[in-house]
Amino acid sequence: MKKYLVVVEETKNGFSAFSPDLDGCMATGKTRKEVETLMKESIQFHLEGMKEDGILAPVPHTYPTYCEVFA
């Protein structure tokens with residue numbers, strides 16, 4: 001099992017999500033819960049497609065962090 005970082009962004013119409021470790025893997029939804037569920041399905045589908053094409057799943061290499069700044 002691998003854990004991939006997922007970035008969720010609130011949009012004008014709901015939420016969008018992507019994984020920096022998986023080029024082109026993204027999802028959108030009306031709620032945060034929906035986009036998280038759809039993103040998990042999207043990652044699974046993406047990895048299955050890579051496997052069918054004989055491509056190894058990438059090793060996760062991104063991580064979350066925050067930088068505090070004075071604004």
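The values are calculated or read from the model by the stated rules, or taken from the named source; none is laboratory data. Keep in mind that what you see is a predicted model, and the values were worked out from it rather than measured. A quick note on method: Cβ atoms are made from the backbone with ideal geometry, for glycine too, and the neighbour counts reach across all protein chains shown.
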Residue 2 passes all but one of (1) at pLDDT 95 or above; (2) part of a loop (DSSP other than H, G, I, E, B); which number fails?
(1)
Taking the stated definitions as given, is residue 48 charged (D, E, K, R), assigned to a helix (DSSP H, G or I), surrounded by 10 or more Cβ atoms within 10 Å (Cβ to Cβ) and touching a residue at least 12 places away in the same chain (Cβ under 8 Å)?
no
